[in-house]
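The values are calculated or read from the model by the stated rules, or taken from the named source; none is laboratory data. As the structure is a prediction and not an experimental result, all values here were calculated from the model. Cβ sites come from the backbone with ideal geometry, for glycine too, and all protein chains shown count toward neighbours. Note: areas computed on protein heavy atoms with side chains; ligands, DNA, RNA excluded. Shrake-Rupley method; radii C 1.70, N 1.55, O 1.52, S 1.80 Å.
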Amino acid sequence: MMIYGLQTCAICQRARKTLEAKGIDVTFRDVRSEPLSEAKLSKLIVEFGDRLVDRKSNDYRGLNDWLKNSEAEAQIAAQPKVMARPVIRDNDRYFLGWDDGVQEALLAD
């Protein structure tokens, strides 16, 4: 299983610890220190659309007007911290966030 997020993100850390405690092998990728490729980012945009950008974050509010009006790919490429997180890949399934529905789907298997 792969988690895309930020090393400093408390929710990402919680997701990782919970999954590992259940015996799930987790690989973590910090999108700030190891940015997503254009192909991977495009795949996530297809999967989640504009939901992939966290428009409530301070980082998003700090974007200039041009970037705020750009596509999600451009926003995340310019400022990886605006990506909503965590993004979890379980084989060919993708999940966004760490709410009850995501936890149920991942921990029920």
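Full extension from Trp66 to Arg14: what is 0.36 nm times the residue separation minus their Cα-Cα distance, to one decimal in nm? Write down the numbers at each step before the final one.
Values: separation 52, 0.36 × 52 = 18.72 nm, distance 3.40 nm.
Gain on stretching Trp66 to Arg14: 15.3 nm.
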Tell me the label only: which of [x] 2, 9, 7, 7, 7, 7, 7, 7, 6, 5, 5, 5, 4, 4, 3, 3, 3, 3, 2, 2, 1, 0, 0; [y] 2, 13, 25, 28, 19, 10, 3, 0; [z] 2, 12, 24, 25, 18, 11, 5, 2, 0 is P(r) over Cα pairs in 5 Å bins from 0, in percent as calculated from this structure? [z]
Of all accessible heavy-atom area on segment 1-104, the percent that carbon and sulfur account for (1.4 Å): 44
Residues of type aspartates and glutamates that Lys40 reaches as a straight line, Cα spacing below 17 Å, ignoring anything fewer than 8 places off in the same chain: Asp30, Asp50, Glu71, Glu73, Asp90, Asp92
Based only on Cα atoms, what Rg/Rh ratio does segment 1-52 have, Rh being taken as Kirkwood's radius? 1.00
About the Cα centre, charge dipole magnitude for the chain (Lys/Arg +1, Asp/Glu -1 at Cβ), debye: 320
For a quick check, take a GNM of the chain with Cα springs below 10 Å and name the residue from Ala74, Ala15, Ala39 with the largest mean-square fluctuation. Ala39
Say we join alpha carbon atoms closer than 10 Å with springs in a Gaussian network model of the chain; which of Val46, Val26, Val87 then has the biggest fluctuation? Val46
Using 0.36 nm times the number of residues separating Asp90 and Val26, minus their current alpha carbon distance, what extension gain do you get? 22.1 nm
Based on DSSP, what percent of beta bridges with both residues in the chain are antiparallel, to the nearest 5? 65
Cross-link reach list, lysines versus Lys56, counting only Cα pairs under 20 Å and skipping chain neighbours closer than eight places: Lys68, Lys81
Could you run the Karplus curve 6.51 cos²θ - 1.76 cosθ + 1.60 with θ = phi - 60° over segment 18-25 and give me ³J(HN,Hα) per residue in whole Hz, x for Gly and Pro? 5, 5, 5, 5, 8, x, 8, 6
